[in-house]
Amino acid sequence: MKMPPIETRVGLIVDGDNRFFGRSAYHDWCERMTSACDGVLVALGVPDPSPRSREALRLAMLGTMSADARVWPLKLTRLLASHGDALAGFFGGQLVSAGKVMGPGAALHAARALAFVGEAVGDDPTDDRVAAAVAAWQARCGGRIGGFGVPFRAEDERRVHILRLAEGTAVADGRFWRLHERVVAAAHPLRPNIALTIAAMFLDIGIEPERAGVALAVMMSHVFLAHALEAATHDGPRLHSLPAEAVEYRGAPPRHSRPAT
């Protein structure tokens, strides 16, 4: 059975060159690309990376530097990589973060919520209209709104610092950036987390809401990479079983049989 042709706008290998989204890699992109993040932006649907979009990705990467090994996707990363394969740890750990609650899933739902509110209020985002749109979204989603919830602490320190770093820059002038702050006020006493702020930055640079989750996954990959590399080198067998002193056995006593004669 003959497979149908692949229709794509992404890329093509041609004689003596490669094309990426219609442009030559070695006669066009080599001049346009000034940052390693530019290829990521283009892949995410931002065709012409700018200083503002690069800064948004930089802040997103900084906002995900909560690289604590006790966070369970990172713990899994280390466990997988401890067998000596950093690639298995790097990719395997990220697969478990594809759910709806944390990390990329939270950014996806936050972006959907902000896009809904933005469409509802249009060019007249009064406090009353924003509050009504937030309430309407929560009614549709069982009372939930993505990008809210801060466990074990009073506020999300990542968001606090990203707000500080963005203050006075073009990032803070974005429509969704300003709107997300009004959504925070309307959703009080719910506490916002970094996913909401990152979602606002993504929407402002032209990333579609449905791509916000995978965008965040790409921008937090450095955290998984660092743990995978370290664990593959240093963790080894000590993660593969509990030490005897950590186990308390409460079953039947062991039986002793005579050695065979």
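The values are calculated or read from the model by the stated rules, or taken from the named source; none is laboratory data. Treat the numbers as computed from the prediction; the structure is a model and nothing was measured. Don't worry about glycine lacking a Cβ; one is built from the backbone with ideal geometry, like all the others, and counts go over all protein chains shown. Surface accessibility is based on the protein's heavy atoms, side chains included, excluding ligands, DNA and RNA. Shrake-Rupley method; radii C 1.70, N 1.55, O 1.52, S 1.80 Å.
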Picking from Glu119, Glu208, Glu167, which residue would you name as being under 21 Å from the mean Cα position of the chain (by Cα) and open to solvent by 70 Å² or more (accessible area, probe 1.4 Å)? Glu208
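Output the residues belonging to the range 121-148 that are among the hydroxyl-bearing types (Ser, Thr, Tyr) and either closer than 10 Å to Ala186 by Cα or in contact with a Leu (Cβ under 8 Å, 6 or more places away or on another chain) (or both). Don't jump to the end; show me each part of the working.
Going residue by residue through the range 121-148, those that are among the hydroxyl-bearing types (Ser, Thr, Tyr) are 126.
Selection gives nothing.
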Could you please find all residues in the range 134-163 being without any contact (Cβ under 8 Å) to a residue 40 or more places away in the chain, under 26 Å from Ala60 (Cα atoms) and either basic (Lys, Arg) or open to solvent by less than 30 Å² (accessible area, probe 1.4 Å) (or both)? Trp137, Arg144, Arg153, Asp156
When you scan the range 18-26, do you find a residue that is more than 18 Å from Ile205 (Cα to Cα) and open to solvent by 90 Å² or more (accessible area, probe 1.4 Å), even just one? yes
Taking interchain pairs and intrachain pairs at least six residues apart, which have beta carbon atoms under 8 angstrom, with the first residue in the range 65-84 and aromatic (Phe, Trp, Tyr) and the second part of a loop (DSSP other than H, G, I, E, B)? Trp72/Val96
Evaluate the following for Leu87: is it open to solvent by 30 Å² or more (accessible area, probe 1.4 Å), at pLDDT 95 or above, closer than 14 Å to Val223 by Cα and out of contact with any Lys or Arg (no Cβ under 7 Å at 6 or more places or on another chain)? yes
Checking the structure you have, find out if any residue of the range 177-193 is assigned to a helix (DSSP H, G or I), closer than 23 Å to Leu44 by Cα and β-branched (Val, Ile, Thr). no
